[in-house]
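> Please see the structure below; I have some questions.
Bear in mind these aren't lab numbers, they're just calculated from the coordinates by the rules spelled out. This is a predicted model, so every value here is computed, not measured. Note that we place each Cβ from the backbone using ideal geometry, even for glycine, and neighbour counts take in every protein chain shown.
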C-alpha cells in the first residue's frame, strides 16, 4: 500500500478493550461485542457511479477505528451520510440503538455523533474562543425571546466560556484564544476543529483525514489527544491515508474499495490481507504469476518498443 510516512508514535489500546476485540474475526461486516454505530445496506450513487455499497459495518464503542482505502473508495461519502451531511439512496443506520437514517446533521449531533472535515471549517473572522463557544449546544441565548433577557442566559454563557477555555488550554491553543481563527496555521485549525467538536459533548467523533497538511510536531500532539480521548471513553473513527498513523493509534481497521467494505481487522494484520493489497495495488499482486501473465508482459513490452 502506498502511503505518506510522517512519524507517528504507537499507542496501545487499553487492556480491557484489546481483550474485547481479541476474539473478533477479521472479516468484513463482522459483528462487534458492543457496537455503537451500525450500518446496513447503505448505498449512494452519483449518476452511474456507485460511490457507497456497504452491506454491514459496525463500529465498536470505546475504540479507535481507522477507515482506509484508495482515493475514491467512498470513505468520506460514508461519513457524510451517517453524519447527516448527505443523503443515502438506500439502507439504514443506528447510533447507540437510536435510528438515525435520514436525520439532518444537527439532529445527529444532538444524539452525540459529531464529525470534522478534511478541509477545516473555521469562522475566520471570529476569534478562536468565539468559534469554540458557538459549537456548544442548547444555548438559551440563541432563542429569540430569552435573548432579550440577559439574566436568563448570562450564567450559561459563562459556563460555556469556561468550558471553551479549558479545552483550548488542553489542546495547546490557550495562547491564541483571542486571535482570529483565520490567522491559525493548518495544524492549529485541525486542533481547533477537534476541540470545537468536543464542545458538543459527543459520544463519538468522526475525523476526516485529521493529519492532512499538519506538520510532524502538531501531528504528534493531535494523535496524543485522540488516544487520550479514547482512553477517557470517547469512540473515534477516522479516515486516514498515512499508514504510520493508522498503525500507530488504531484498535481496529476497516477497508473500503469501490464503495464496498472489503476487509476488517486489527491494525497489525490488515496490511497482510489479500483484499487490502488488491484494493491498493491491483489483483495481480495477490496471485502467483502464471505462464499467461508472463506471456502478456512480454507482449506488452514488445508493443511498447
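> Grab the beta carbon distance between residue 110 and residue 87, set R0 = 22 Å, and tell me the FRET efficiency rounded to 0.05. Mind dumping the intermediate values first?
On the way: r = 19 Å, r/R0 = 0.84.
According to the calculation, E is roughly 0.75.
> Can you bin segment 36-102 into rounded, prolate or oblate? Criterion: square roots of the alpha carbon gyration tensor eigenvalues sorted a ≥ b ≥ c, rounded for a/c under 1.5, prolate for a/b above b/c, oblate for the rest. Write out the running numbers ahead of the final one.
On the way: a/c = 2.08, a/b = 1.30, b/c = 1.60.
The shape class here is oblate.
> Cα centroid distance between segment 62-82 and segment 161-206, in Å?
23
> Please give the length that would be gained between residue 26 and residue 158 if that part of the chain were fully extended, namely 0.36 nm times their separation in residues minus their C-alpha to C-alpha distance (nm, one decimal).
On the way: separation 132, 0.36 × 132 = 47.52 nm, distance 4.79 nm.
Value of the extension gain: 42.7 nm.
> A follow-up question, please. Go ahead and run the numbers for FRET between residue 232 and residue 258, Cβ-Cβ distance against an R0 of 35 Å, rounding to 0.05.
Values: r = 36 Å, r/R0 = 1.03.
Computed FRET efficiency for residue 232 and residue 258: 0.45.
> Taking a ≥ b ≥ c as the square roots of the eigenvalues of the Cα gyration tensor of segment 209-262, is the shape rounded (a/c under 1.5), prolate (a/b larger than b/c) or oblate? Walk me through the numbers before you get to the answer.
Values: a/c = 2.45, a/b = 1.34, b/c = 1.82.
Since a/c reaches 1.5 but b/c is at least a/b, the shape of segment 209-262 is classed as oblate.
> Also: Report the full-extension gain for the segment residue 127 to residue 40: residue separation times 0.36 nm, less the Cα-Cα distance, to one decimal in nm.
Values: separation 87, 0.36 × 87 = 31.32 nm, distance 4.09 nm.
Here the answer is 27.2 nm.
> I need the shape label for segment 64-138. Rule: rounded when a/c is under 1.5, else prolate if a/b > b/c, else oblate, with a, b, c from the alpha carbon gyration tensor. Walk me through the numbers on the way to the answer.
On the way: a/c = 2.22, a/b = 1.36, b/c = 1.63.
Oblate shape, in that a/c is at least 1.5 and b/c is the bigger or equal ratio.
> Now a separate question. Under the 0.36 nm per residue contour assumption, what length would be gained going from the current alpha-carbon distance of residue 221 and residue 56 to full extension? Write out the running numbers ahead of the final one.
Working: separation 165, 0.36 × 165 = 59.40 nm, distance 3.33 nm.
That works out to 56.1 nm of additional length.
> Using alpha-carbon pairs under 8 Å, 6+ residues apart, how would you state the relative contact order of segment 65-120 in percent? Before the final figure, lay out each step's value.
Numbers: 41 pairs, mean separation 14.6, N = 56.
Once normalised by length, the contact order is 26 percent.
> Estimate the FRET efficiency between residue 119 and residue 166 by the formula 1/(1 + (r/R0)^6), using the beta-carbon distance for r and 30 Å for R0, to the nearest 0.05. Show your work: numbers first, answer last.
Values: r = 27 Å, r/R0 = 0.89.
The formula returns an efficiency of 0.65 here.
> Please tell me the relative contact order of segment 29-87 in percent, rounded to the nearest whole number, where contacts are Cα pairs under 8 Å and at least six residues apart. Intermediate values should be presented prior to the final figure.
Values: 75 pairs, mean separation 17.9, N = 59.
Contact order relative to length: 30 percent.
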